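Student: The structure that follows is given in the form of structure tokens.
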Amino acid sequence: MSSSASLTSGVAGRYATALFEIAKHDKALGQVETDIAALEAALAESADLRELLASPIHTRDEQGRAIAAIAAKMGLGKTVTNTLGLMAQNRRLFVVPALLSQVKALIAADRGEVTAEVISAKPLTKAQTESLAGTLKASVGKDVALEVTVDEDLIGGLVVKVGSRMIDTSIRSKLAKLQNAMKEVG
């Protein structure tokens, strides 16, 4: 095991570390990364898939057959398919979303990258994304991969999470701080 094991913990972390180590040994990190992106997209789109992973109602066999059929239909590689099958057998499919994010973090760390979660009030332009990535790279000292999502409730500004650090410049948070200050005065 490499030092990557220290990046993860818990059930999802153990599976993520094992998947990462096997993929690295087999020189299949690219395939695993592609499979993870496909699974994340499928989870985002399919309520039935999310229900299959989370529901304790389904038996091990039902989950195993379903996940094998899904993996075959999606054309997932052997490493990810076998990991999902093992997780179904052990009734651990509920941790798949955490597994996906932890494997992505391990792959990024292996490349010397760090992932930043960015939440913006509206979609960022390519120039804004590149500028933000450059600024974060200068701050962190490593290449930064951005995971950008949009949350219109922010009203304006950004929320950026890099590791354990969070920078919140959203209008929503500024209004909340102002509201709390007004409560303290009154």
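Student: Please give the net charge around GLU117, taking every other residue with its beta carbon less than 14 angstrom from that of GLU117, where Lys and Arg add +1 and Asp and Glu add -1.
Tutor: -2
Student: Quick one: which residues, 5+ away or cross-chain, put their amide H under 5 Å from the amide H of VAL148? H built at 1.01 Å from N.
Tutor: VAL118
Student: Counting only residues 5 or more places away or on other chains, whose amide H sits under 5 Å from the amide H of LEU158 once H atoms are built in the peptide plane?
Tutor: THR169, SER170
Student: Could you check the simple spin-label distance between GLU51 and ALA68, using points 7 Å along Cα→Cβ, in nm with one decimal?
Tutor: Simple spin-label model gives 2.4 nm for this pair.
Student: Moving to a separate point now. Please count, across the chain, the pairs of lysine residues with Cα atoms under 21 Å apart that sit 8 or more places apart or on different chains.
Tutor: So the count of such lysine pairs works out to 18.
Student: How large is ³J(HN,Hα) for each residue in the stretch 152-168, as worked out from phi by the Karplus curve 6.51 cos²θ - 1.76 cosθ + 1.60 (θ = phi - 60°), to whole Hz, x for Gly and Pro?
Tutor: For the stretch 152-168, the Karplus-derived couplings read 5, 5, 5, 6, x, x, 9, 10, 10, 10, 10, x, 8, 8, 9, 10, 10 Hz, x marking Gly and Pro.
Student: Using the basic label-point model (7 angstrom from Cα toward the beta carbon), what is the ASN180 to GLN89 distance in nanometres?
Tutor: The two pseudo-label positions are separated by 4.9 nm.
Student: List residues of the stretch 70-92, by number, whose backbone nitrogen lies under 16 Å from a label position 7 Å along Cα→C-beta of ALA41.
Tutor: Residues passing the 16 Å test: 71-77.
Student: Counting only protein chains, not ligands or nucleic acids, how are GLU184, GLU33 ordered by accessible area (probe 1.4 Å), most first? Could the numbers behind the result be given before it?
Tutor: Working: GLU184 155, GLU33 65 Å².
I get GLU184, GLU33, largest accessible area first.
Student: Just to verify a number: FRET efficiency for ASP61 and ASP110, C-beta to C-beta distance, R0 = 30 Å, to 0.05?
Tutor: After rounding, the FRET efficiency stands at 0.30.
Student: At 1.4 Å probe size, put VAL103, VAL144 in order of accessible surface, largest to smallest.
Tutor: Highest to lowest solvent-accessible surface, that is VAL144, VAL103.
Student: Is any residue of the stretch 100-132 close enough, with backbone N under 11 Å, to a label point placed 7 angstrom from the Cα of ALA145 along the Cα-Cβ axis, and if so, which?
Tutor: Taking a point 7 Å out along Cα→Cβ of ALA145, the residues of the stretch 100-132 whose backbone N falls under 11 Å are 101-116.
Student: Which whole-number value in Å² is the accessible area per residue of the stretch 4-105, probe 1.4 Å?
Tutor: On the way: 5440 Å² over 102 residues.
Heavy-atom SASA per residue in the stretch 4-105 reads 53 Å².
The values are calculated or read from the model by the stated rules, or taken from the named source; none is laboratory data. All values reported here derive from a predicted model rather than from experimental measurement. FYI the Cβ positions are ideal-geometry reconstructions off the backbone, even for glycines, and counts take in every protein chain you see. Side chains included, ligands, DNA and RNA excluded: accessible areas come from the protein's heavy atoms. Shrake-Rupley method; radii C 1.70, N 1.55, O 1.52, S 1.80 Å.
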